[in-house]
Amino acid sequence: WLAYSLGEVTMRFPELNGGQPFPARHDIRHRISWVNTLSWKKWEFAANLNLRTGTPYSIPSVVQVPCPDCTADSLTYALRFDQLNAARLPNSVRLDFSATWKWKKRRSHGKAGLAIYNFLNRRNLLDKDYLLETPALDQPQTSYNLKELYRLSAGATPSVFWMVEW
C-alpha cells in the first residue's frame, strides 16, 4: 500500500500577522506512506515507511517593552513574532517494523512478536519553541537569555507481545 498526501492548511485572523494568512502549526505539505506486509509459513513481517515535510514554526525577535512591575528598571525584554510560522522544521523520516510468529495447537492458538517503532532510530524534530529568560523584576533588566526548546521524536522503541487464545 502506497499513499501520498498533498495539503495546505492556512489560518487568517485580523489581529494576527497583519491580517495576512499564515500556515497553521499542523500544515504538512507532503506526506508519503508505504506499508508492506509479507507472510511466510508461520511468520508475518510488516514495515511502514513515513516521509513528510516539516511543520511550520515562528522565529521571534527580542524587543524591549515597558515593565510596570519592575522595581529596578522601567523596561524589560519580550518576544515579538513579526511573521507567524514563516520557517519550517526539517523533513522527517520514520520506519516501523514488526515480526509476528503464529502457532496453532490442539487446545490453543496464538501469536508472539516484536515491533520496533522508529527502527532507524532517527531523532526527528517535531517542534521548536523559544523561552526568554530575563532577570527578576527587582533586578536591573540589562540582559536576557534566549533559549531554543526542541521536542524530538522518540528513538527506536521496541515492543514485545504475546497473545494466546483457547
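I need the full set of residues from segment 36-85 which are β-branched (Val, Ile, Thr) and over 22 Å from ASN118 (Cβ atoms), in order please.
Those that are β-branched (Val, Ile, Thr) and over 22 Å from ASN118 (Cβ atoms): ILE59, VAL62, VAL63, VAL65, THR71, THR76.
Looking at (1) in contact with an Asp or Glu (Cβ under 8 Å, 6 or more places away or on another chain); (2) under 19 Å from THR100 (Cα atoms), find the lone condition where ASN36 falls short.
(1)
Just give me the residues in segment 8-31 being surrounded by fewer than 11 Cβ atoms within 10 Å (Cβ to Cβ) and within 17 Å of the chain's Cα centre (by Cα), in sequence order.
Within segment 8-31, HIS26 is the sole residue that qualifies.
In this structure, is LEU49 under 19 Å from the mean Cα position of the chain (by Cα), surrounded by 17 or more Cβ atoms within 10 Å (Cβ to Cβ) and more than 24 Å from LEU146 (Cβ to Cβ)?
Yes, satisfied.
State whether one or more residues within segment 77-87 are without any contact (Cβ under 8 Å) to a residue 24 or more places away in the chain and aromatic (Phe, Trp, Tyr).
yes
A short reminder: the numbers here are calculations on the coordinates, not readings from a lab. Predicted, not measured: the structure shown is a model, and the values here were computed from it. A quick note on method: Cβ atoms are made from the backbone with ideal geometry, for glycine too, and the neighbour counts reach across all protein chains shown.
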